[in-house]
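Below: one structure, written as structure tokens.
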Amino acid sequence: MSVLIYWFRNDLRLKDNPAFAQACVNADYVLPVYIHDLKEQETVYGFERQGPHRKTFLRASLDDLRAQLGVQGSDLLEFSGKSVDVLLGLLKDTAAKAIYCEQIEAPEEMGRVRTLREQGADIQEFWQSSMLDPQELPFDLEKIPDVFTAFRREIERVRLKFAKPVDAPRDIPPLPAVLPQGAIEQMPAGLSLAHPYLLGGASRAQAHLKQYLERHLPDNYKETRNQLIGMDYSSKFSGWLALGCISARDIALQLSDYEDRYGANDGTYWLWFELLWRDYFRFIHFKYGRKLYQASGLTGALVRPSHAPSFERWRSGNTGVDLVDAGMRDLQQSGYLSNRMRQIVASYWIYDLKGDWREGAAWFESRLIDYDVYSNQGNWLYIAGRGTDPRGGRPFNVAKQSQDHDPKEIYRKLWLSPE
Ligand SMILES: Cc1cc2nc3c(=O)[nH]c(=O)nc-3n(C[C@H](O)[C@H](O)[C@H](O)COP(=O)(O)OP(=O)(O)OC[C@H]3O[C@@H](n4cnc5c(N)ncnc54)[C@H](O)[C@@H]3O)c2cc1C
């Protein structure tokens, strides 16, 4: 009678989760686990890695996953500790033959898998977080074009749109008879701060996508996407995508069905185009790996030391520059920031305050509900001109951005007015 451990990482869903589906086929018993990794708790800069908004979003996502597993007679066991230690303990306690999980191509996450293998664990990883299947790309991943536009043209030339999602498993094998010790009932959610509309979980992700399409919001996406206030100017898929409550392939398929029904337009194309950016930042990790995490990125340029006092002012929204301060307070209070504001505050940190882009990226990691290692690293590197941007960096002129995107100061007043 074979036992498999399924290690949920950033794939908190049953629908379109090929790794989990495979585990369900390959074992008599499956133990679904999630680990709150202690290593996750602090950045090298001394603040928490996972702020209250993401904790709350994660909590809701895990509860939803547990409920979905429960419907099929299974469960989700949560543990707290170092992932490697917890998993090695579980292998021993359950006599499981292997661990199955999604593949995450980022240095820390890869390091954990490597250590598990070094300790003798059989661990099977499945790549499943992109919209396109890497196997179908018209080039080897190691040879992905550096420049996004060249990458996109190649994808469009061979008419790749998305890989087909797989169904949720029909039967989930039962839990092993003897359950391991040490599972925790529930992790505290931290402060129960959540974005008023962004609540975690696969069920909410599907409901959100459904209403987004039913209200025909993709049609205006291209015109509205640079706005700063509200739910509808952009899709808000990012939080659910980051934790894997929904897959990019599932979104792309539903968007394509929408196009079949109502016709494709600039808005539907542009949404797909943005999901392609998300893939691009993933795939570029296969080519450059660890280099993307060095201060100099891909350039070998000199590294500027970080300037702590200005960091305090920047992160707390007290630089004295209204638009930047409004953005940083928005981020702090809502756990979300529009793409435009992310670009503006990141540029201000790098080019005006002469900060280390990695410290800025770490702050985003701490605050964002939708923190995604590939997209965060990729975008910060891009703006800093240390990545693959052919223009060599993106400094934004704050006065011009204020005029273009907040001419009536509505956004600034919203976040800067005393309560
Ligand atoms: C400095 C900086 C840091 C960022 N950090 C993150 C991050 O940690 N996590 C994250 O998901 N996005 C990040 N982004 C990208 C982008 O800002 C967000 O994905 C987007 O604002 C999320 O809102 P939305 O879902 O409404 O996006 P929409 O505009 O509706 O786009 C649809 C989807 O396309 C993808 N997408 C859109 N723009 C980008 C982009 N520039 N790069 C990669 N994917 C994109 C996202 O998955 C998004 O959900 C960052 C951008 C910048 C400039």
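The values are calculated or read from the model by the stated rules, or taken from the named source; none is laboratory data. Since this is a predicted model, take the numbers as computed values, not measurements. Ideal geometry is used to build each Cβ from the backbone, glycine not excepted, and the neighbour counts take in all protein chains shown. Just so you know, the surface numbers come from the protein's heavy atoms only, side chains and all, with ligands and any DNA or RNA stripped out. Shrake-Rupley method; radii C 1.70, N 1.55, O 1.52, S 1.80 Å.
Look at (1) touching a helix residue (DSSP H, G or I) at 6+ places or on another chain (Cβ under 9 Å); (2) outside any helix (DSSP H, G or I); (3) open to solvent by 20 Å² or more (accessible area, probe 1.4 Å) and you find that Ala301 fails only one, number (1).
For first residues located in segment 364-385 and under 13 Å from Phe57 (Cβ atoms) and not assigned by TED's automatic domain parsing to the domain that holds Phe237, partners that are near the ligand (Cβ under 8 Å from one of its atoms) and acidic (Asp, Glu) and lie 6+ apart or on another chain with Cβ distances below 7 Å form the pairs Tyr371/Glu365. For segment 85-107, the tally of residues that are touching an Asp or Glu at 6+ places or on another chain (Cβ under 9 Å) and of a type outside the set (Gly, Ala, Ser) stands at 9.
Take Leu353 and decide whether it is within 26 Å of Leu414 (Cβ to Cβ) and modelled with pLDDT of 95 or more. So Leu353 fails the test. Within the option set Asp330, Asp356, being of a type in the set (Asp, Glu), more than 10 Å from the ligand (Cβ to nearest atom) and more than 25 Å from Lys236 (Cα to Cα) holds for one residue only, Asp356.
All of Val321, Val345, Val373, Val398 fail the test of being surrounded by fewer than 23 Cβ atoms within 10 Å (Cβ to Cβ), of a type in the set (A, V, I, L, M) and within 11 Å of the ligand (Cβ to nearest atom), apart from Val373.
Only one entry of Ser366, Ser347 meets the criterion of being out of contact with any strand residue (DSSP E or B) (no Cβ under 8 Å at 6 or more places or on another chain), polar (S, T, N, Q) and farther than 15 Å from Phe281 by Cα, and that entry is Ser347.
Residue count for segment 37-66 satisfying the condition of being open to solvent by less than 60 Å² (accessible area, probe 1.4 Å), hydroxyl-bearing (Ser, Thr, Tyr) and over 17 Å from the mean Cα position of the chain (by Cα): 1. Considering every residue within segment 290-307, establish whether at least one is in contact with a Phe, Trp or Tyr (Cβ under 9 Å, 6 or more places away or on another chain), over 30 Å from Ile144 (Cβ atoms) and in the same structural domain as Gly393 (by TED's automatic domain parsing). The answer is yes; a qualifying residue exists.
Screening Arg282, Arg290, Arg278 for residues that are touching a Pro at 6+ places or on another chain (Cβ under 7 Å), touching a residue at least 60 places away in the same chain (Cβ under 8 Å) and among the charged types (D, E, K, R) leaves exactly one candidate, Arg290.
If you filter segment 210-227 down to residues that are of a type outside the set (D, E, K, R) and more than 11 Å from the ligand (Cβ to nearest atom), you find that the one that is surrounded by the most Cβ atoms within 10 Å (Cβ to Cβ) is Leu213.
Within 30 Å of Arg329 (Cβ to Cβ), within 12 Å of the ligand (Cβ to nearest atom), open to solvent by 20 Å² or more (accessible area, probe 1.4 Å) and aromatic (Phe, Trp, Tyr) - does that describe any residue in segment 276-292? Scanning segment 276-292 turns up at least one residue that is within 30 Å of Arg329 (Cβ to Cβ), within 12 Å of the ligand (Cβ to nearest atom), open to solvent by 20 Å² or more (accessible area, probe 1.4 Å) and aromatic (Phe, Trp, Tyr).
The residues of segment 1-34 that are among the β-branched types (Val, Ile, Thr) and open to solvent by 10 Å² or more (accessible area, probe 1.4 Å), listed by number, are Val3, Val25. Residues in segment 324-342 that are open to solvent by less than 20 Å² (accessible area, probe 1.4 Å) and without any contact (Cβ under 8 Å) to a residue 40 or more places away in the chain: Met328, Leu331, Leu337.
Here Trp272 fulfils each of the conditions (1) within 21 Å of the chain's Cα centre (by Cα); (2) at pLDDT 95 or above; (3) assigned to a helix (DSSP H, G or I); (4) surrounded by 22 or more Cβ atoms within 10 Å (Cβ to Cβ) apart from (4). Out of all the residues in segment 137-145, is one or more assigned to a loop (DSSP other than H, G, I, E, B), under 26 Å from Ser238 (Cβ atoms), among the hydrophobic types (A, V, I, L, M, F, W, C) and within 23 Å of the chain's Cα centre (by Cα)? Scanning segment 137-145 turns up at least one residue that is assigned to a loop (DSSP other than H, G, I, E, B), under 26 Å from Ser238 (Cβ atoms), among the hydrophobic types (A, V, I, L, M, F, W, C) and within 23 Å of the chain's Cα centre (by Cα).
Of all residues in segment 376-395, those satisfying the criterion of being open to solvent by 30 Å² or more (accessible area, probe 1.4 Å) and not charged (D, E, K, R) are Asn379, Tyr382, Pro390, Gly392, Pro395. Please determine, by comparing only the residues of segment 233-265 that are charged (D, E, K, R) and either more than 10 Å from the ligand (Cβ to nearest atom) or touching a Ser or Thr at 6+ places or on another chain (Cβ under 7 Å) (or both), which one is most open to solvent (accessible area, probe 1.4 Å). Here the answer is Arg261.
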